[in-house]
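First up is the structure itself, then whatever we jot down about it.
The values are calculated or read from the model by the stated rules, or taken from the named source; none is laboratory data. Because the structure is a prediction, the values reported are computed rather than measured. Note that we place each Cβ from the backbone using ideal geometry, even for glycine, and neighbour counts take in every protein chain shown.
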Amino acid sequence: MLASDLDTTHRFFVPAAKGTEGVLKRELAAFLGRPVRGQRGGACFRGTLVDGLQVCLFSRIGQRVLLAVGEGPADDGDALYTAARSVPWERMLTPETPFSVRATGGNAALRHGHFIALRTKDAVADRLRAHLGRRPDVDREDPAVRIAVHVAGDRACFYLDLAGAPLHQRGYRTEAGQAPLRETLAAAVLALAPVGAEEAIVDPMCGSGTLVIEQAQVALGIAPGLGRRFAFHRWPGFHGGPAQAAWDRLVARARAARRPTRAALMGRDHDPRVLEVAARNARRAGVAEWVRFEQRDARDLSGLPAGVTIVTNPPYGTRLGRRSRQLDGFLRHFAAACQACRPRPRLVVLTGHPRFERLFGGTPRRRHTLFNGPLECRLLVYPGDEAPSAE
Ligand SMILES: C[S@@+](CC[C@H](N)C(=O)[O-])C[C@H]1O[C@@H](n2cnc3c(N)ncnc32)[C@H](O)[C@@H]1O
């Protein structure tokens with residue numbers, strides 16, 4: 001079975017939010033120690049199954065981990081079926097392995113994801129019936145093996161999804177406030193800024209605490225995948241086999257990499273209910289001892305430690321499609337509060353507001369476009385009076 005073969009080299013694709021491909025590529029190359037190529041919507045590399053497991057455990061920015069198992073022509077539904085049927089699925093599934101198929105992309109003849117998934121599912125089932133005498137059930141809710149198919153131009157590529165639930169679901173944020181940032185996007189913001197592992201940060205509009213909790217996990221060396229299960233845990237051949245032994249070694253390595261931190265990490269918000277949510281999330285993430293939450297209006301930045309970096313994602317403020325004037329006034333006041341701080345803190349802000357720079361004043365040292373789902377956002381980095389060591 002594929003899950004007991006640690007020697008074969010596979011091609012992997014790791015999707016991520018648009019605009020974070022470069023920083024994802026650097027992250028993966030750093031812990032895999034092998035070349036990684038950035039491409040639109042993610043990064044790809046060649047490696048063994050164990051490399052794929054490493055990405056599940058250690059990547060803070062990647063959204064999924066897809067192992068390519070075959071590809072072929074997909075000019076129409078019949079070609080797609082033939083291509084899907086030529087993949088040796090009997091190396092990945094047994095008749096007792098419920099599976100699901102998720103489709104992305106498309107072309108002129110294959111416009112609907114549902115149809116692409118259906119034709120692929122039929123091909124998988126028919127191939128398994130021909131090779132094993134029986135076919136497994138499809139289970140969209142709780143599959144043991146998740147197949148992904150991507151159609152682009154006249155080709156289809158078939159993948160096994162190692163993670164299952166997307167990697168932003170670390171397991172700690174079971175509750176959230178309004179408009180929470182995906183954990184993977186928060187991690188990308190911190191890496192792009194960049195915020196150093198020992199840098200003191202405050203998020204004055206922290207909501208459910210994502211930015212501060214992600215930074216605390218970096219500071220403490222907590223691997224993002226330690227608190228959850230992955231789809232590959234249920235693959236035939238994984239349990240008790242060499243892949244499980246390799247996974248156990250990776251987990252032991254991740255646990256041993258935990259380190260103490262002296263970094264001051266603080267989340268503030270004006271909403272006391274969301275602060276309770278943030279505190280519970282921090283507890284689940286194993287960082288509560290190192291993060292302080294306090295209720296405060298963001299227009300009051302008093303009491304910040306010297307040298308702290310403000311990292312924040314202010315409210316988007318779209319009401320019925322129109323940007324509220326109230327939000328513009330709030331952002332001007334927030335800018336004035338930042339200007340009044342002595343020494344002036346470095347500011348890292350992720351905003352979807354098209355006029356943020358005009359309202360805020362000053363000139364960012366860095367500007368980077370990235371996407372929060374479909375929403376185009378800008379990451380802006382304004383220098384402070386004391387440049388922290390990471391700059
Ligand atoms: C876009 S959300 C931040 C989401 C957060 N990054 C997360 O992942 O959950 C904006 C936050 O700003 C807070 N907020 C709005 N006005 C505020 C104010 N005047 N002072 C402090 N916080 C405020 C809201 O309560 C909300 O939690």
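Give the residue that is farthest from THR312 (Cα to Cα), with candidates limited to residues of region 197-209 that are more than 9 Å from the ligand (Cβ to nearest atom) and crowded, with 24+ Cβ neighbours inside 10 Å. The extreme case among them is GLU199. Check whether at least one residue in region 106-128 is touching a Cys at 6+ places or on another chain (Cβ under 8 Å), of a type outside the set (Lys, Arg) and over 30 Å from ALA197 (Cα atoms), and report yes or no. Among the residues of region 106-128, not one is touching a Cys at 6+ places or on another chain (Cβ under 8 Å), of a type outside the set (Lys, Arg) and over 30 Å from ALA197 (Cα atoms), which makes the answer no.
Looking for whichever is in a strand (DSSP E or B) and either surrounded by fewer than 17 Cβ atoms within 10 Å (Cβ to Cβ) or at pLDDT 95 or above (or both) here; the options are GLU289, GLU294, GLU386. Which one fits?
Working: GLU289 fails: in a strand (DSSP E or B); GLU386 fails: in a strand (DSSP E or B).
None of the other options fit; the residue is GLU294.
For (1) of a type outside the set (Phe, Trp, Tyr); (2) at positive phi; (3) not in a strand (DSSP E or B), each residue gets a yes or a no:
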position: ASP7; (1), (2), (3): yes, no, yes
position: PHE13; (1), (2), (3): no, no, no
position: LYS25; (1), (2), (3): yes, no, yes
position: ALA30; (1), (2), (3): yes, no, yes
position: ARG34; (1), (2), (3): yes, no, yes
position: CYS44; (1), (2), (3): yes, no, no
position: ASP75; (1), (2), (3): yes, no, yes
position: ASP78; (1), (2), (3): yes, no, yes
position: ALA84; (1), (2), (3): yes, no, yes
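The set of residues in region 13-35 that are modelled with pLDDT of 95 or more, touching a strand residue (DSSP E or B) at 6+ places or on another chain (Cβ under 7 Å) and of a type in the set (Lys, Arg) comprises LYS18, LYS25. Among the residues of region 173-193, those identified as more than 12 Å from the ligand (Cβ to nearest atom), modelled with pLDDT of 95 or more and out of contact with any Asp or Glu (no Cβ under 8 Å at 6 or more places or on another chain) are ALA188, LEU192, ALA193.
Taking the conditions exactly as written (among the hydrophobic types (A, V, I, L, M, F, W, C), part of a helix (DSSP H, G or I) and touching a residue at least 24 places away in the same chain (Cβ under 8 Å)), does ILE147 satisfy them or not? Can you show your working first?
Values: among the hydrophobic types (A, V, I, L, M, F, W, C): yes; part of a helix (DSSP H, G or I): no; touching a residue at least 24 places away in the same chain (Cβ under 8 Å): yes.
So ILE147 fails the test.
Per the listing VAL277, VAL251, VAL212, the residue uniquely touching a residue at least 24 places away in the same chain (Cβ under 8 Å), buried (at least 24 other Cβ atoms within 10 Å of the Cβ) and either within 29 Å of ALA148 (Cα to Cα) or within 16 Å of the ligand (Cβ to nearest atom) (or both) is VAL212. Over 30 Å from PRO166 (Cα atoms), modelled with pLDDT of 95 or more, under 30 Å from the mean Cα position of the chain (by Cα) and among the hydrophobic types (A, V, I, L, M, F, W, C), is that true of PHE334? The answer is yes for PHE334. A Cβ distance below 8 Å, combined with a sequence gap of six or more or placement on separate chains, defines the contacts here; from region 177-206, residues that are more than 15 Å from VAL277 (Cβ to Cβ) reach residues that are among the aromatic types (Phe, Trp, Tyr) in the pairs PRO204/PHE334. Taken over region 361-375, the criterion of being part of a loop (DSSP other than H, G, I, E, B) and not basic (Lys, Arg) is satisfied by GLY361, GLY362, THR363, PRO364, GLY373, PRO374. Residues that are in a helix (DSSP H, G or I) and within 11 Å of the ligand (Cβ to nearest atom): does region 335-342 have at least one? Yes: one or more hits.
Which residue out of GLU90, GLU96 is modelled with pLDDT of 95 or more, within 22 Å of ASP5 (Cα to Cα) and of a type outside the set (Val, Ile, Thr)? Even if it seems obvious, please write down each step before you answer.
Details: GLU96 fails: modelled with pLDDT of 95 or more.
Of the residues listed, the single one that is modelled with pLDDT of 95 or more, within 22 Å of ASP5 (Cα to Cα) and of a type outside the set (Val, Ile, Thr) is GLU90.
Exactly one residue among LEU28, LEU49 is over 17 Å from the mean Cα position of the chain (by Cα), within 20 Å of ALA223 (Cα to Cα) and buried (at least 21 other Cβ atoms within 10 Å of the Cβ), and that residue is LEU49.
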